[in-house]
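Student: Structure in structure tokens, see below.
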Amino acid sequence: MPRFAANLSMLYPELDFLDRFEAAAKDGFAAVEYLFPYAYEARELASRLAANGLKQVLFNGPPGDWERGERGLACLPGREAEFRDGILKAIDYAAALDCPRIHVMAGLVPEGVERETVQPTYLENLRWAAVEAAKAGRDVLIEPINTRDIPRFFLNRQDHAHELVEAVGALNVQVQMDLYHCQIVEGDVAMKIRKYLPTGRVGHFQIAGVPDRNEPDIGELNHPYLFEVIDEVSAQCGWQGWVGCEYRPRRGAVADGTSAGLGWLRGLPRAARG
Ligand SMILES: O=C(O)C(=O)[C@H](O)CO
Ligand SMILES: [Mg+2]
């Protein structure tokens, strides 16, 4: 089975953020990811990781003004200086948390502007981020996200993400393949894993039930089957990454907490949470 990381931005909403590390470790996770570390001192987060024997495997670069709806700066002409400051801050956090990868959110295509118009800005920003991240020994990830959840998000499809990774041409730029978004936008998920994982350009997976982003055993995707596909292809190509559990608990959230909804994980053959 693949190795699973708990997404602490979505799992354990019943707990304060800093208490979610311990909860994830108690549920058997060996790794965590979350959206943003910036509201906390890096040393506080590092001590929570260490105290609970957890690895940090992913977080996002600063997204711009999240409360006002911004979802990344990479494709926004005129925001390059802010983008660069954010990437440098993320790289500092990644060093302090010993986190190998940073997700750089693409941002929203401005109203009335064509996607193609902002693509040069996006590529230039990614190239710059790749160079800075490489100096620090980190990978930069880009993630196609569905437009039902984030209307006008610049990057929606796996093929577009892989074209952009090729265009940047840096070994440390990879695709974050979120199977939830992939199913909503384009489907044919198993075949896309078979197509893209062997390229060496998939840095991380994420999962959630489709369509409601709840536990992976709720909804239209057959995750045990997809895990077998990931296992099979990984055995052939040597992929050794993580699968982030990025869903909003439905089963356990109210009565018993997130743990009660982890039956899908405990039920997997040779369940590997770390
Ligand atoms: O929404 C997702 O799927 C993500 O992974 C992003 O990091 C959230 O903004
Ligand atoms: Mg995701």
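Student: Name the pairs: first residue in the range 197-220 and at positive phi, second residue open to solvent by 50 Å² or more (accessible area, probe 1.4 Å) and within 12 Å of ligand 2 (Cβ to nearest atom), Cβ to Cβ under 9 Å, at least 6 apart or on different chains?
Tutor: R213/D149
Student: Further, regarding this structure: Of everything in the range 234-259 that's among the hydrophobic types (A, V, I, L, M, F, W, C), modelled with pLDDT of 90 or more and more than 20 Å from the chain's Cα centre (by Cα), which residue is nearest to K26 (Cα to Cα)?
Tutor: A235
Student: If you go through the range 96-114, how many residues are open to solvent by 70 Å² or more (accessible area, probe 1.4 Å) and either among the aliphatic types (A, V, I, L, M) or under 16 Å from the mean Cα position of the chain (by Cα) (or both)?
Tutor: 0
Student: Also, I was wondering about something else. Based on what the data block shows, is Y225 in a helix (DSSP H, G or I), under 27 Å from G257 (Cα atoms) and in contact (Cβ under 8 Å) with a residue 40 or more places away in the chain?
Tutor: Values: in a helix (DSSP H, G or I): yes; under 27 Å from G257 (Cα atoms): yes; in contact (Cβ under 8 Å) with a residue 40 or more places away in the chain: no.
Judged against the criteria, Y225 is not a match.
The values are calculated or read from the model by the stated rules, or taken from the named source; none is laboratory data. Computed from a predicted structure; not experimentally measured. Every residue, glycine as well, gets a Cβ built from its backbone with ideal geometry; the counts of neighbours run over all protein chains shown. Side chains are part of the model used for accessible areas, which takes the heavy atoms of the whole protein and leaves out ligands, DNA and RNA. Shrake-Rupley method; radii C 1.70, N 1.55, O 1.52, S 1.80 Å.
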